[in-house]
Amino acid sequence: MILTESCVRGLAWSAIILSREAKRMGIRARDQEVTAEIQRQFSGPAGFDLERYQNWVRNHFRAEPRDFEEVVRKYLSAQKV
């Protein structure tokens, strides 16, 4: 499936709206949920690789892990709406 620019833009706006609605409703992802999601994304056959995670965040997300964790928190909160 190929995503067009307008489709990506629509998805981005939907994520922003859901994130704001979650905040308005007081819905927040717990620390344990954020940790579990990050571990799920960055686990390999040997388990969670902290160094791989930190390197990916700094090199691809271009921020510190704490900043990425807050983005994941907003994403998970939006999913609850």
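The values are calculated or read from the model by the stated rules, or taken from the named source; none is laboratory data. These numbers were taken from a predicted model, which means no experiment stands behind them. Neighbour counts run over all protein chains shown; Cβ positions are idealised from the backbone, glycine included. In case anyone asks, the SASA skips ligands and DNA or RNA and just uses the protein heavy atoms, side chains included. Shrake-Rupley method; radii C 1.70, N 1.55, O 1.52, S 1.80 Å.
Just a few scattered comments:
- The chain, Rg to Rh (Cα coordinates; Rh as Kirkwood inverse mean 1/r): 1.03
- Amide H to amide H distances under 5 Å link ALA29 with SER77, where only residues 5 or more positions off or on other chains count and H is placed in the peptide plane.
- Heavy-atom surface analysis with a 1.4 Å probe gives the range 7-81 a carbon and sulfur content of 53 percent of its accessible area.
- Exposed trypsin sites (Lys or Arg not before Pro) absent: longest stretch of the chain, with sites in DSSP loops and at most 15 other Cβ within 10 Å deemed exposed: 31-61
- Relative to the longest principal axis of the Cα atoms of the chain, the long axis of helix 31-41 lies at roughly 70 degrees.
- Extension gain for the segment LEU11 to TYR75, taken as residue separation times 0.36 nm less the Cα-Cα distance, is 21.8 nm to one decimal.
- Dipole magnitude of the chain about its Cα centre (Cβ charges: Lys, Arg +1; Asp, Glu -1), debye to nearest 20: 320
- The long axis of helix 65-80 is offset from the longest Cα principal axis of the chain by roughly 40 degrees.
- Principal-axis tilt of helix 5-25 within the chain, Cα atoms, nearest 10 degrees: 90
- Heavy atoms of the protein chains alone define the surface here; on that basis the range 1-66 has 83 Å² accessible area per residue at 1.4 Å probe size.
- Net charge, ASP31 excluded, C-beta distance under 13 Å - Lys, Arg +1, Asp, Glu -1: 0
- Here ASP49 and ARG20 are evaluated by their C-beta separation; at R0 = 41 Å the FRET efficiency comes out at 0.80.
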